[in-house]
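First the structure, in the form of structure tokens, and then the observations on it.
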Amino acid sequence: MWYLPRAEDTILTQSDQPRPLEARESGALIGQVRIPGDKSISHRALILGALAVGQTTISGLLEAEDVLNTAKAMRALGATIERTADFAWSVHGVGIAGFAEPRAPLDFGNSGTGCRLVMGAVAGCPITAVFDGDASLRGRPMRRILDPLELMGARVSANGEGGRLPLTLIGARDPLPIVYRTPVASAQIKSAVLLAGLAAPGTTTVIETEASRDHTELMLGHFGAEIVSAREGSHGRKIVLHGQPELHGIDVVVPADPSSAAFFVVAALVVGGSDLVLSDVMINPLRTGLFTTLREMGAAIEQTETRGDAGEPMARLRVRASKLRGVEVPAERAPSMIDEYLVLAVAAAFAEGTTIMRGLHELRVKESDRLEATADMLRINGVKAEISGDDLIVEGRGHVPGGGLVATHMDHRIAMSALVMGLGAEKAVRVDDTAFIATSFPDFIPMMRSLGAEFS
């Protein structure tokens, strides 16, 4: 069976009304799918296309709310963005520091990535823009993004308590290049500094103690920027960007999102008899910590047909149901799988033995406190889970009793993780609201159903 995401012009958007759903024990999940485009790459392709000169054509863009809100923001800042007849996206950029002042606040909905990266792009332009989002995004910290941008000459004239949204950002008229050491491993901080640094003369340098996702560096090079990334210390990177380049519009093919693929991979592992093939999944080493961990747990994940585009490698993955065992996941792996710990916890619940996931502080400042929410999701479904400092400890017994009602806290990844758990649990798992799945993966439920998943 082959499933492709829908290609209609009408894109699903989240409803104001909760959408509860129940997942129950399914038969084997069988088929081949192409997971929608990577969200991180989609955001960056739109932003860099808007900062380039000429036309950028994006194929495989993730058509989910988070990304569509970034597209709206780029239009508001002066770029021309259109969805073409062949379902690609065309972006006509305005050049570096060429953004126009938006007439209304830039509303990013639930997207922290889109909001924070666009802050960096706006910080290098002599304009004023108001940034806002939904209730969840308004609760998330922005100060660690704003601190380096203020060092580069941008100013914040009004903001919510603690640097939260809504806030007004005044871009630098003459942005300054800086050397900045990130306080935590964060691709969002790094990317914001690099995007602001495009408009600054000289070189902007970002130093990371722990390497974060390098999608921005790779895509900047693809668009024509002069950028060098080198090892720094045991696990870090030093990125040097030469400012004021002329970025040129170019074709971008967005690979399938490994963070979205994660739900299908774990579902196939825990539902007996399953055999799934996932095509064109990104296998960037800084994004594949989950696959590494699952293989250590005994997962049958076969990788073939490797190719690349825009510096990003992708491959075909075949995943078959497997007997898993508990492992210890080191803290230094967290940057390469920070969005996947929720569904890894589901795999750990079905494994035999204890799984210890270390160094998960960043989960506390996502769409929800994902560390507490993940532990709650497991406990209410009969799985023993404990939080010790920033570590999550899951006692796997090879099966999950299920039967619980999971509170999603407006978090799409909690909703999808709980639904995956229900597919292999002994009793149905209920989810209080699946509406927010549309922020990252509108086709998740129909795609799962096409493979045999039992949702009602």
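If you place +1 on the Cβ of every Lys and Arg, -1 on the Cβ of every Asp and Glu, and leave all else neutral, what size is the dipole of the range 164-234 about its Cα centre, to the nearest 20 Debye?
For this selection, approximately 240 debye.
Compute, for the range 39-253, the length of the dipole vector about the Cα centre, with Cβ point charges of +1 (Lys, Arg) and -1 (Asp, Glu) only. Units Debye, rounded to 20.
The calculated dipole for the range 39-253 is roughly 420 debye.
For the pair residue 325 and residue 304, what calculated FRET efficiency results from E = 1/(1 + (r/R0)^6), where r is the Cβ-Cβ distance and R0 = 25 Å, to the nearest 0.05?
0.50
Out of 102, 76, 122, whose Cα points farthest toward the positive end of the dipole of the range 69-140 (charges: +1 Lys, Arg; -1 Asp, Glu; placed on Cβ)?
Projecting each Cα onto the dipole axis, the largest value belongs to 122.
How big is the charge dipole of the chain about its Cα centre, in debye rounded to the nearest 20, if each Lys and Arg gets +1 on its Cβ and each Asp and Glu gets -1 on its Cβ?
Dipole about the Cα centre, nearest 20: 360 debye.
Need one number: nm distance between label points at residue 427 and residue 318, each 7 Å from Cα along Cα→Cβ, rounded to one decimal.
Once both label points are built, they end up 3.9 nm from each other.
List the residues whose amide H sits under 5 Å from the amide H of residue 62, counting only those 5 or more places along or on another chain, with H placed 1.01 Å from N in the peptide plane.
HN-HN under 5 Å from residue 62: 37, 42.
Rounded to whole Hz and in sequence order, give me ³J(HN,Hα) for the range 131-140 from the Karplus expression 6.51 cos²θ - 1.76 cosθ + 1.60, θ = phi - 60°, writing x for Gly and Pro.
Result, ordered by residue: 10, 8, x, 7, 4, 5, 5, 5, x, 9 Hz.
Using amide H atoms built in the peptide plane, which far-off residues or other-chain residues are under 5 Å from residue 124 H to H?
HN-HN under 5 Å from residue 124: 172.
What is the chain's relative contact order, in percent, from Cα pairs under 8 angstrom and six or more apart in sequence?
19 percent
Whose amide H sits under 5 Å from the amide H of residue 178, counting only residues 5 or more places off or on another chain, with H placed in the peptide plane?
Answer set, sorted by chain and number: 205.
Exposure proxy check: 94, 193 ranked by fewest other beta carbons within 10 Å?
94, 193
Coordinate-derived values only; no laboratory data. These figures come from a predicted structure and were not determined experimentally. Glycine gets a Cβ as well: all are built from the backbone with ideal geometry, and neighbour counts include every protein chain shown.
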